[in-house]
Amino acid sequence: MRLRGTSRINERGHLEIGGCDVTELARVYGTPLYIYDEALIRQKCREFVDAFRSSGVPFQVAYASKAFCTMAMCRVVAEEGLSLDVVSEGELYTALRAGFPPERIHFHGNNKSPDEIDMAVGARVGCFVVDNFYEMEVLCDVARRRGVKVRVLLRVAPGVEAHTHEYVMTGQTDTKFGFDLESGAADRALEEAARMETMEVVGVHAHIGSQIFETAGFRATAEKLGQLAARARERTGVTFSVVNVGGGFGIRYTEEDRPLAVSDYIRAVTDAVRTAFGRIEGYPLPEVWVEPGRSVVGEAGTALYTIGSWKEIPGIRRYVAVDGGMADNPRPALYGARYEAILANRANEPADTVVTVAGKCCESGDMLIRDCRLPDPRPGDLLAVFCSGAYQYSMASNYNRLRRPAVVFVRDGAADVVVKRETLDDVVGNDVLPERLKGRGPA
Ligand code: LLP
């Protein structure tokens with residue numbers, strides 16, 4: 001098992017993260033608990049920035065907040081000098097409430113509502129990544145009404161298939177995102193946007209997918225965006241000063257995953273843009289923007305559960321169940337995602353027992369890890385699931401009316417709660433019992 005960041009096994013045989021004994025965190029904050037290694041988040045932010053600096057290409061790194069969006073996370077990202085990608089009023093509001101500089105916020109989304117657009121224009125966000133013709137119209141109206149000019153990137157579906165799970169592929173022509181190149185929609189959109197006085201077209205954006213382990217897709221995308229840039233300059237006179245190639249850089253959930261180093265992804269991306277745009281006669285090298293989500297925060301998060309019931313089906317399988325599951329981590333059920341885990345309170349004992357870790361939701365598909373090797377787990381043991389920082393807490397639900405877990409940031413031996421555990425009152429907090437249903441006995 002590979003421990004990451006500040007994680008280690010301490011003298012008591014317990015998992016320790018950020019100098020905090022995880023068994024102590026469980027005692028104080030309860031489980032399920034999401035623990036984030038703040039130093040590792042910061043290290044990942046810096047790996048991106050450093051890689052760009054050594055490439056010599058002007059850049060922006062925008063953290064894709066959908067991976068994990070809380071006010072504390074926005075603060076850390078702001079302190080590290082990154083920009084922020086938001087896709088909804090909720091993410092935008094979180095960022096603004098955290099004091100994130102609006103000019104470093106990029107507003108994404110394939111169906112931004114007129115109210116969301118108005119909120120973002122009013123907040124003076126740095127740019128809009130315009131997804132479709134309808135949005136262009138609404139954005140233009142809002143900007144005109146508010147008397148401002150907005151900076152936009154146009155989102156393009158480049159017709160590039162990334163090698164990843166079908167549900168997280170976004171670059172192919174048949175996708176709900178962006179203007180496709182193949183039918184000419186992207187070219188038309190650029191011509192239209194260039195005519196609008198309320199819009200300054202600063203560049204293009206493409207995001208081809210998530211958890212990508214190779215660089216061919218990024219190279220193919222840069223090529224297509226370069227060709228689009230050449231056509232756009234000829235037809236509209238617009239020169240892109242920004243090329244945003246999205247996120248999608250893979251991480252290592254299990255030993256079988258073979259992601260590249262951040263520096264390798266960035267070198268590939270910057271080389272690809274340099275090559276593609278260098279080929280266009282007299283075209284100034286655009287800024288290269290990326291939007292990593294998972295690769296900033298995925299490995300920094302650990303989900304901590306308490307083991308409860310178990311069941312043995314002789315000759316078939318042994319199940320152990322934890323106090324969370326698909327409500328706080330829908331990824332195994334949605335994508336067949338795989339994870340590695342240890343017993344945080346018995347981390348030095350030999351992992352000689354194979355079990356299947358089930359969640360507590362009323363659904364057979366609620367399995368967290370199939371065939372997981374652990375030291376013979378017993379009720380009360382603490383299961384630490386690694387690589388739980390991205391798209392888990394952010395996709396958590398109240399299914400079965402489970403309470404969403406607490407989240408702590410750990411650093412230098414101290415833990416700070418950054419999201420409180422929901423209370424039972426939170427769970428019913430938005431329920432309304434109409435007068436006519438109150439206080440009646442059984443019918
Ligand atoms: N930019 C755009 C426009 C995106 O749509 C995404 C992710 C990102 C950046 C960040 O991608 P990342 O670097 O995190 O791979 N829920 C799925 C992942 C969905 C990704 C959605 N878009 C999962 O749990 O695997």
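The figures follow:
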item	result
Portion, in percent, of the accessible area of the range 179-338 that falls on carbon or sulfur, probe 1.4 Å	48
Loop GluC sites (Glu not before Pro), the range 206-281, which have at most 12 other Cβ atoms in a 10 Å radius of their Cβ (DSSP)	255, 256, 281
Top positive-direction residue, dipole computed over the range 327-443 with Cβ charges, set 337, 397, 387	397
The chain - mean residue ellipticity at 222 nm from DSSP helices (-39,500 (n - 2.57) per run, n ≥ 4, rounded to 500)	-9000 deg cm²/dmol
Length-normalised contact order of the chain in % [C-alpha pairs under 8 Å, at least 6 apart]	19
Local electrostatic count, residue 360, Cβ distance below 9 Å [Lys/Arg +1, Asp/Glu -1]	-2
Signed unit charges on C-beta, dipole axis of the range 253-299, positive-most listed residue 276, 261, 292	276
Long pairs among 66/420; 112/149; 360/420; 112/420, criterion Cα-Cα beyond 26 Å	112/420
Protein accessible area in the range 52-177, 1.4 Å probe - carbon and sulfur %	47
Accessible area of the chain divided out per residue, in Å², using a probe of 1.4 angstrom	44
Span per principal axis, largest first, for the Cα atoms of the chain (Å)	69, 60, 42
HN-Hα J in Hz across the range 416-426 - Karplus 6.51, -1.76, 1.60, θ = phi - 60°, x for Gly and Pro	10, 6, 10, 9, 6, 5, 5, 9, 5, 5, 4
Beta bridges per DSSP with both ends in the chain, % antiparallel, nearest 5	45
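The values are calculated or read from the model by the stated rules, or taken from the named source; none is laboratory data. Predicted model only: the values in this text are computed from it and were never measured. Cβ: placed from backbone, ideal geometry, glycine included. Neighbour counts: every protein chain shown. Side chains included, ligands, DNA and RNA excluded: accessible areas come from the protein's heavy atoms. Shrake-Rupley method; radii C 1.70, N 1.55, O 1.52, S 1.80 Å.
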